[in-house]
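The values are calculated or read from the model by the stated rules, or taken from the named source; none is laboratory data. None of these values were measured; they are calculated from a predicted model. In this analysis, Cβ positions are derived from the backbone assuming ideal geometry, glycine residues included, and neighbour counts consider all displayed protein chains.
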Amino acid sequence: MKRLICFSDALKRLSVVTLLLSSALVGHVMAYDYSSIKQQVNAAIEENTTWSGPITGPKISSKKQLIFVASDLRNDGVNSIAKGMTDAISNLDWNLRLLDGNGSKVRQAAALSRAIMLKPDGIVLGGIDAKYHEQTLQAAQKLGITVIGWHAANTTKVEPDLGLFTNITTDAQKVGEIAASLAIVDTKEHAKVVIFTDSNYSIAMLKAHSMAEAIEQCAQCELLSIEDIPLDNIADEMPDTIGRLLQQYPRQITHFLVINDLYIDFAIPSLIASGQNHHLLPKSISAGDGSFEAYQRIRNQSFQLATVPEPLFMQGWQIVDEFNRAFHNMPPSQFETPIHLVVHDNIRTIDRKIGVYDPQNHYREAYMRIWK
């Protein structure tokens, strides 16, 4: 291959990234079509004001107790899901309690165990990978506790083996693909990218694989490096990593493709410290979830070109609706929110004060009609 790949020194990360790259190189399933890629990017940028979610379902159950077990409430995505759920139950006689894992696997496991001991009607696994807690989740299932994940698995399909009733997420593969596609379009098929991911999360690896595959399908594009940096180590590792990359690939990197906006937060100080002309520095594209800081950067055209946000408040409402379906012994809705790109041209749709992608598709009214 023509590409020189630079990976982290850690052996574990090296094996993970090598596997990711290898699978991308052999994963050319779809034919490359630049005009189609441009159309997909333009479609993702368009504002969607039509409700495409469920329109039928059971009336709302009464007096339900839910516990939200968060991976880390400092994460804007996780925090906003909890806010969306709080908004959804504000007119119901349901109760929501929050338990914070504080970004630690040990604390997340402890919080989940505590939640089960409290015997609620339902538990939300917020941003915690279910595969690390299979036995605990199966114990919850045996106790009759409904567990719904948000970014707890790769897809929205029912995961009975994991003990999940359903999992709420956009299509991680499509998210990664559209992020990489924007880099291809932005450079007119000459993107030279570095991908940042976290192998602790299967959904992050799926996004990274999709990004790598999309770049590899572009003959004149280059995948320079895949960096495996855990989300909870970003603050410590990003400064040295950015310095190394800029030195190793001087004025070559066109884009950083990241699985979360947090990587960009901690890349910027090193980018500024490099002393290079702002226009020569890599642009960043995030494959989730959309943060207040990300929207500010996109609005100011400063370091970040785009993000692929989740409609977090809307997904909070969806979680409540999915619980209600479970309480009525009905299957999940299987609703998967459409992919959306936020760029400078459509940043006006993001409320400056709220800093969350909240589509104007009347989802609140749609769910309230179902529950009446």
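I want to confirm something. Restricting to region 59-78 and keeping residues that are free of Cβ contacts under 8 Å to residues at least 60 places away in the same chain, closer than 30 Å to ALA180 by Cα and hydrophobic (A, V, I, L, M, F, W, C), which single residue is surrounded by the most Cβ atoms within 10 Å (Cβ to Cβ)?
ALA70
Which of the numbered conditions does LYS63 fail, given that it passes all the others? Conditions: (1) at positive phi; (2) modelled with pLDDT under 95.
Exception for LYS63: condition (2).
Please name all residue pairs, on different chains or six or more residues apart, with Cβ atoms under 8 Å, provided the first residue is in region 31-58 and is closer than 16 Å to ASN346 by Cβ and the second residue is assigned to a helix (DSSP H, G or I) and of a type in the set (Ser, Thr, Tyr).
As it stands, the answer is GLN40/SER181; VAL41/SER181; GLU47/THR349, since those pairs meet every condition given.
What residue, among those in region 84-96 that are under 26 Å from TYR357 (Cα atoms) and over 25 Å from the mean Cα position of the chain (by Cα), is surrounded by the most Cβ atoms within 10 Å (Cβ to Cβ)?
Checking each candidate, the answer is TRP94.
Quick one: would you say SER284 is in contact with a Phe, Trp or Tyr (Cβ under 7 Å, 6 or more places away or on another chain) and without any contact (Cβ under 8 Å) to a residue 40 or more places away in the chain?
So SER284 passes the test.
Please work out if ALA70 is over 25 Å from ILE195 (Cβ atoms), among the hydrophobic types (A, V, I, L, M, F, W, C) and modelled with pLDDT of 95 or more.
Taking the combined requirement at face value, the residue satisfies it.
With PHE327, PHE303 as the choices, which residue is under 30 Å from ILE60 (Cα atoms) and touching a residue at least 24 places away in the same chain (Cβ under 8 Å)?
Criteria check complete, one pass: PHE327.
I'm trying to understand the selection: among the residues of region 335-372, which are among the polar types (S, T, N, Q) and surrounded by 12 or more Cβ atoms within 10 Å (Cβ to Cβ)?
Matches in region 335-372: THR337, ASN346, THR349, ASN361.
Hand me the list of helices (runs of 4 or more DSSP H) wholly inside region 227-335 holding 2 or more residues that are assigned by TED's automatic domain parsing to the domain that holds SER90, at pLDDT 95 or above and of a type outside the set (D, E, K, R).
Passing ranges, in order: 312-327.
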